[in-house]
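Each remark here refers to the structure printed beneath this line.
The values are calculated or read from the model by the stated rules, or taken from the named source; none is laboratory data. As the structure is a computational prediction, the values presented were derived from the model and not from experiment. All Cβ positions, glycine included, derive from the backbone under ideal geometry; neighbour counts span all protein chains shown.
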Amino acid sequence: MAENEKQALLQEENKSENVVSTVKRTALATNPFSDTDQFNNIFKMAQLISQSDMIPATYKGKPMNCVIALEQANRMGVSPLMVMQNLYVVKGVPSWSGQGCMMIIQGCGKFRDVDYVYSGEKGTDSRSCKVVATRISDGKRIEGTEITMQMVKSEGWISNTKWKNMPEQMLGYRAATFFARMYCPNELNGFATEGEAEDMNHKPQRIEAINVLGDTAHE
């Protein structure tokens, strides 16, 4: 990946990191589900937000979805809009985007010197990316799963046109989801990450078994 392209990707993620570091947890003082009065107040706020034209379709006109986003924003100490832009529903499964995962990695306070490491020749199956970081607690250098274009093809992700149109960026985002799932799963708050919903919805292959009498049974 050209140095200027890498820098552009990192600058985009650093914007998210800055938001995580500077936005105070002022939207919610407590858990919105802790009592009726608190929930009612948050629901009124969610109703107003759901009417905005600035939010994604997942939240537009859906105040209950906005309540979830507000609660997540409070947990993370970020803007609710930041959560809404990066937490969406894929095949019925709420999922963090790759960019959202990088936001979490950079903002959770567990890592420093977070970076993308690309290797292999562009345009080939050997092209790969992984996320690396230094764990603050012990200074250990951590490496996430290396995502290769060969893996992308074998897992069937290539069917998504974005992998064909912008493979470098998609490699980076998918590498971020794997790193987050492995090294800071609690910060994902139980939600899936980009790509997991598609993987979970793969149809199982038909299994054919032959019994001892020679008849064929299908399961």
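For (1) within 23 Å of the chain's Cα centre (by Cα); (2) β-branched (V, I, T); (3) modelled with pLDDT under 95, each residue gets a yes or a no:
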position	(1), (2), (3)
P32	no, no, yes
Q38	no, no, yes
K44	no, no, yes
M64	yes, no, yes
I68	yes, yes, yes
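Taking only segment 153-168 into account, find how many residues are outside any loop (DSSP other than H, G, I, E, B) and either in contact (Cβ under 8 Å) with a residue 40 or more places away in the chain or within 16 Å of S126 (Cα to Cα) (or both).
Step one: list which residues in segment 153-168 are outside any loop (DSSP other than H, G, I, E, B), which gives 153-154, 157-159, 161-165, 167-168.
Among the residues that remain, those that are also either in contact (Cβ under 8 Å) with a residue 40 or more places away in the chain or within 16 Å of S126 (Cα to Cα) (or both) are: 153-154, 157-158, 163-164, 167-168.
Qualifying residue count for the region: 8.
Of the conditions (1) at pLDDT 95 or above; (2) touching a His at 6+ places or on another chain (Cβ under 7 Å), I147 fails just one. Which one is it?
Unmet for I147, out of (1) at pLDDT 95 or above; (2) touching a His at 6+ places or on another chain (Cβ under 7 Å): (2).
Whether any residue in segment 86-96 is under 15 Å from F179 (Cβ atoms), under 16 Å from the mean Cα position of the chain (by Cα) and not polar (S, T, N, Q) is what I want to check. Talk me through it step by step, then tell me what you get.
Here is the first cut: in segment 86-96, the ones under 15 Å from F179 (Cβ atoms) are 96.
Retained after the next criterion (residues that are under 16 Å from the mean Cα position of the chain (by Cα)): 96.
From what is left, the residues that are not polar (S, T, N, Q) are 96.
Taking every residue of segment 86-96 in turn, at least one turns out to be under 15 Å from F179 (Cβ atoms), under 16 Å from the mean Cα position of the chain (by Cα) and not polar (S, T, N, Q).
Determine, yes or no, whether G123 is modelled with pLDDT under 95, surrounded by fewer than 13 Cβ atoms within 10 Å (Cβ to Cβ) and not in a strand (DSSP E or B). Talk me through it step by step, then tell me what you get.
Working: modelled with pLDDT under 95: yes; surrounded by fewer than 13 Cβ atoms within 10 Å (Cβ to Cβ): yes; not in a strand (DSSP E or B): yes.
Here the answer is yes, as G123 does meet what is asked.
Among K130, K140, which is surrounded by 21 or more Cβ atoms within 10 Å (Cβ to Cβ) and charged (D, E, K, R)?
Residue meeting the stated conditions: K130.
Only one of L70, L87, L48 is without any contact (Cβ under 8 Å) to a residue 60 or more places away in the chain, buried (at least 16 other Cβ atoms within 10 Å of the Cβ) and either of a type outside the set (S, T, N, Q) or under 30 Å from K164 (Cα atoms) (or both). Can you tell me which? I'd like the intermediate steps shown before the answer.
Numbers: L87 fails: without any contact (Cβ under 8 Å) to a residue 60 or more places away in the chain; L48 fails: buried (at least 16 other Cβ atoms within 10 Å of the Cβ).
That would be L70, the only listed residue that is without any contact (Cβ under 8 Å) to a residue 60 or more places away in the chain, buried (at least 16 other Cβ atoms within 10 Å of the Cβ) and either of a type outside the set (S, T, N, Q) or under 30 Å from K164 (Cα atoms) (or both).
Here's a check for you: in segment 151-173, which residue that is under 19 Å from the mean Cα position of the chain (by Cα) and of a type in the set (D, E, K, R) is surrounded by the fewest Cβ atoms within 10 Å (Cβ to Cβ)?
Top of the filtered list is K162.
Collect the residues in segment 133-150 that are under 18 Å from the mean Cα position of the chain (by Cα) and of a type in the set (G, A, S), keeping them in residue-number order.
Matches in segment 133-150: A133, G144.
Run down S79, S50 and say which single residue is among the hydroxyl-bearing types (S, T, Y), outside the structural domain of T193 (by the TED database) and either within 16 Å of T193 (Cβ to Cβ) or at pLDDT 95 or above (or both).
Details: S79 fails: either within 16 Å of T193 (Cβ to Cβ) or at pLDDT 95 or above (or both).
On inspection, the qualifying residue turns out to be S50.
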